[in-house]
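> One structure follows; several queries about it will come next.
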Amino acid sequence: YNRVMSSYKNFFKGKKVLVVGLGTNCEAVADIIFLIKAGAIVSMIDMRSEVRIESAIKKIQAAGMISCEFGTMARAHVHNVDIVLKALDISYDVPCIDEALGRNIPVEISSTLFLKMAPPIILVGVFGVCGKSTAAHLIQRILTPQFKEKDGQSVYFIDQLSNQSPLVFLKKIKKGDIVITAVLEQQYDAYKKARISPHVAVVTNPTDVSLLEFQTYNNFLVA
């Protein structure tokens with residue numbers, strides 16, 4: 001626990017992070033607050049007007065956001081940036097993201113950044129056109145009692161459809177823990193770019209399973 005906590009705080013301290021888009025439901029607010037508390041220098045741009053997301057802006061400004069710009073995603077925004085954190089509804093071909101990729105600046109979504117920063121864990125990812133969230137919740141209900149009495153291993157559920165930030169789990173996650181999540185279609189490209197496949201992939205119904213190409217010999221597919 002102390003190793004992980006020290007690791008993520010050391011990593012984010014002083015890093016200049018550009019958040020591109022707050023997300024459809026302003027879910028990036030939790031990411032921004034976490035990053036600021038971890039010592040990152042965070043700025044944000046969003047295509048919407050300030051009036052449309054006024055309540056979210058007040059929260060992140062109160063947390064210590066250094067700058068917010070609206071109605072723009074220009075290439076110039078990635079100048080002198082260490083990491084770009086994009087919302088799921090932002091395409092990789094918008095000017096600032098394209099510029100960041102061209103400059104070899106890491107472009108992440110919150111879930112891939114979490115998985116890269118976390119210690120070695122067991123990732124259970126649920127895929128499918130429908131039923132992902134239901135199946136993921138069911139798996140959590142099945143597994144949690146089994147590991148409740150085990151020493152040193154916990155089960156965590158990351159709800160991608162809530163305003164919960166996966167990054168927050170870095171405060172308590174430890175080696176060998178189990179993380180259960182539904183993998184949304186909007187996350188596929190980011191997972192592929194990060195070369196991340198769930199160690200245990202659960203497929204509820206026919207869908208694109210190309211994301212599983214990074215599984216290894218001791219990983220599993222449950223269809």
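> May I ask you to verify whether residue 203 is open to solvent by 10 Å² or more (accessible area, probe 1.4 Å) and either of a type in the set (Gly, Ala, Ser) or over 22 Å from residue 91 (Cα atoms) (or both)?
Yes: the conditions hold for residue 203.
> Related question: Given 124, 129, which one is β-branched (Val, Ile, Thr), surrounded by 16 or more Cβ atoms within 10 Å (Cβ to Cβ) and not in a helix (DSSP H, G or I)?
Sole residue among the options that is β-branched (Val, Ile, Thr), surrounded by 16 or more Cβ atoms within 10 Å (Cβ to Cβ) and not in a helix (DSSP H, G or I): 124.
> Can you say whether residue 93 is open to solvent by 10 Å² or more (accessible area, probe 1.4 Å), among the acidic types (Asp, Glu), touching a Ser or Thr at 6+ places or on another chain (Cβ under 6 Å) and not in a helix (DSSP H, G or I), as far as the supplied structure shows?
The answer is no for residue 93.
> Does residue 62 meet the test of being within 21 Å of the chain's Cα centre (by Cα) and either assigned to a helix (DSSP H, G or I) or surrounded by fewer than 15 Cβ atoms within 10 Å (Cβ to Cβ) (or both)?
Taking the combined requirement at face value, the residue does not satisfy it.
> Scan segment 97-105 and tell me whether some residue there is open to solvent by 20 Å² or more (accessible area, probe 1.4 Å), more than 18 Å from the chain's Cα centre (by Cα), farther than 19 Å from residue 47 by Cα and of a type in the set (Gly, Ala, Ser).
yes
> I've got another one for you. Go through (1) in contact (Cβ under 8 Å) with a residue 40 or more places away in the chain; (2) on the phi < 0 side of the Ramachandran plot; (3) open to solvent by less than 10 Å² (accessible area, probe 1.4 Å); (4) of a type in the set (Gly, Ala, Ser) and name the single condition residue 30 misses.
Only one criterion in (1) in contact (Cβ under 8 Å) with a residue 40 or more places away in the chain; (2) on the phi < 0 side of the Ramachandran plot; (3) open to solvent by less than 10 Å² (accessible area, probe 1.4 Å); (4) of a type in the set (Gly, Ala, Ser) is unmet by residue 30, namely (3).
The values are calculated or read from the model by the stated rules, or taken from the named source; none is laboratory data. These figures come from a predicted structure and were not determined experimentally. A quick note on method: Cβ atoms are made from the backbone with ideal geometry, for glycine too, and the neighbour counts reach across all protein chains shown. Surface accessibility is based on the protein's heavy atoms, side chains included, excluding ligands, DNA and RNA. Shrake-Rupley method; radii C 1.70, N 1.55, O 1.52, S 1.80 Å.
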